[in-house]
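Structure record follows, encoded as structure tokens.
Every number in this text was worked out from the coordinates using simple rules, so none of it is lab data. This is a predicted model, so every value here is computed, not measured. Positions of Cβ are generated from backbone atoms using ideal geometry, with glycine treated the same way; all protein chains shown enter the neighbour counts.
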Amino acid sequence: MHASLSHRAAPSAVTFVALVWLVACEPRDSGITPPPPSEALTDGLITPAPDFGEPLANLTTEQLTRFIVGKAEFEEEDTVAEGLGPVFNEASCATCHTSPVGGSTGRTETRFGRTVDGVFDALVGLGGSLRQDKAIGAVADSFVFIPEEVPGAANVTAGRITTQLFGLGLVDAVTDSALRQLASLQATLYPATAGTPSTTVEINTGLVRVGRFGWKAQNPTLFQFSGDAYVNEMGITNPEFPDETCPQGDCGALVHNPVPDLNDDGTGVQRFADFMTLLAPPPRGPVSLEAQVGDGIFTTIGCANCHTRVLVTGNSPVAALSHKEFQPFSDFLLHDMGSLGDGIVQGSATARQMRTAPLWGVRTRLRLLHDGRATSLDAAILAHDGQARPARDRFTELDAVARQALIAFLKSL
């Protein structure tokens, strides 16, 4: 939808019913096509799509084994003897990424920093920008590791809830060029809301890549995302992230670290990456007529400008991920969100920029937005700002019936 639509009066629900009926006869990128979205057509038979927490369909025996082993790694609780800490957030990936399996518990972490005259300082020397809120306590030499606190020097704090892991193998398999082309297309069709590709370095190649994982799209691959999580969330050092987190910025305290050697040789990181790679996307919920009406509203008021319905993967060694269409409802690009930005500069993302949150599986979430402030879809939409403000304003102009239809659509994702 072009920016000029922002000057039109908000259509009524009756208008949208007519719109959905008319366009049903034309090819459209609606994400609602037969067979029903929760099912797949295989050899003439309708079979259920994988449920939450299940692997992708049509994996080889070897790939299915990798998924099972990866899931066990995902669920395992690390111990101090295995390298947990000295400061960390949780001892297991599953602690934060369940409800359902691969989803999000809504566990909130804290980022902090200091901004002076528009310049952001992550306060690395004071433990920034991620606070590790747990510690291993007393160790053999009687030294006591304690959880980190937000230092008094910080004037920026931001909560971040854990992200969902569904279908990320598909996201990983989208090419950098496809995301750059999408940004270019947005700049042509609706420049006021166009996204910006995150740029970051892929550690194992040294290449500049397009980031896509994390609230700031700060990681370019699932393997790097996995290694980052191991060291920052669990304190488990690994080949790409060999340096232990200095508790509250005090690197001298690491002389007391009970397991100073590399904690993971890369095996655990790869297994967790395998689990995420082979985890199926969330199945679509029931799509009522009201939800179909809401689908049209979603596009017309501008939500689909950033929450891109369909992406296509490139080549992948996993056939189930190669050249596949999927519907994440995200462009995985950075957008200026105004007051909804978290104030943290990370990677190439500015303080006001956030990655478009995927909406698939949103019906399973109890807390929404990056900091979990919203507990309803209405509240989440109304908190949008910056480049998303025009769509938010159009939402407020909808009548009650049209607004309810839009919410019904979102609850079907």
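Rounded to the nearest 20, the size of the Cβ-charge dipole of the range 367-413 about its Cα centre is 140 debye, with Lys and Arg at +1 and Asp and Glu at -1. Rounded to the nearest 20, the Cβ-based charge dipole of the chain about its Cα centre (Lys and Arg +1, Asp and Glu -1) stands at 1640 debye.
Per residue, the convex hull spanned by the alpha carbons of the range 228-300 comes to 163 Å³. Of interest is the spacing of the C-alpha centroids, which for the range 353-392 and the range 185-208 amounts to 21 Å. Between the Cα long axis of helix 13-23 and the first principal axis of the chain there is an angle of about 80°, rounded to the nearest 10. Extending 7 Å from the Cα toward the beta-carbon at both Asp117 and Ala153 defines two label points whose distance is 1.7 nm.
Which FRET efficiency value, to the nearest 0.05, is calculated for Ile68 and Glu325 with the Förster distance at 25 angstrom and r the Cβ-Cβ distance?
It comes to 0.40.
Axis angle, to the nearest 10 degrees, between helix 400-410 and the longest C-alpha principal axis of the chain: 50 degrees. For the chain, the relative contact order works out to 22 percent when only alpha carbon pairs closer than 8 Å and six or more residues apart are counted.
Of interest is the spacing of the C-alpha centroids, which for the range 137-177 and the range 243-311 amounts to 12 Å. FRET efficiency for the pair Asn315 and Val401, taken as 1/(1 + (r/R0)^6) with r the Cβ-Cβ distance and R0 = 60 Å, rounds to 0.85. Coupling constants for the range 286-297 follow from the phi torsions by the Karplus curve (6.51 cos²θ - 1.76 cosθ + 1.60, θ = phi - 60°), and in residue order they are x, 10, 7, 4, 4, 5, 5, 4, x, 4, x, 5 Hz; glycine and proline get x.
Positive end of the dipole of the chain (Cβ unit charges, origin at the Cα centre): among Thr157, Val345, Thr299, the Cα lying farthest that way belongs to Thr299. Taken one residue at a time, the phi angles of the range 119-136 give Karplus couplings (6.51, -1.76, 1.60, θ = phi - 60°) of 9, 8, 10, 6, 6, 4, x, 10, x, x, 8, 9, 7, 8, 9, 10, 8, 7 Hz. Gly and Pro are set to x. For the modelled label position 7 Å from the Cα of Ala187 along Cα-to-Cβ, which residues of the range 375-413 have backbone nitrogen atoms closer than 19 Å? The answer is 387-388, whose backbone nitrogens lie closer than 19 Å to the label point. Using the alpha-carbon atoms, what tilt in degrees (0 to 90, nearest 10) does helix 61-75 show relative to the longest principal axis of the chain? Approximately 60 degrees, to the nearest 10. The chain gives an Rg/Rh value of 0.98, both radii derived from C-alpha positions and Rh following Kirkwood. Taken one residue at a time, the phi angles of the range 164-174 give Karplus couplings (6.51, -1.76, 1.60, θ = phi - 60°) of 7, 10, 4, x, 6, x, 5, 5, 4, 8, 6 Hz. Gly and Pro are set to x. Hydrodynamic estimate: the Kirkwood radius of the range 234-391 over Cα pairs, inserted into Stokes-Einstein at 20 °C and 1.002 mPa s, corresponds to D of 112 µm²/s. Percent of Cα pairs in the range 107-217 per distance bin of 5 Å, from zero to the largest separation: 2, 9, 12, 13, 16, 16, 15, 8, 4, 2, 1, 1, 0. Gyration tensor analysis over the Cα atoms of the range 361-413 returns equivalent ellipsoid semi-axes of 17, 16, 8 Å (largest first, whole Å).
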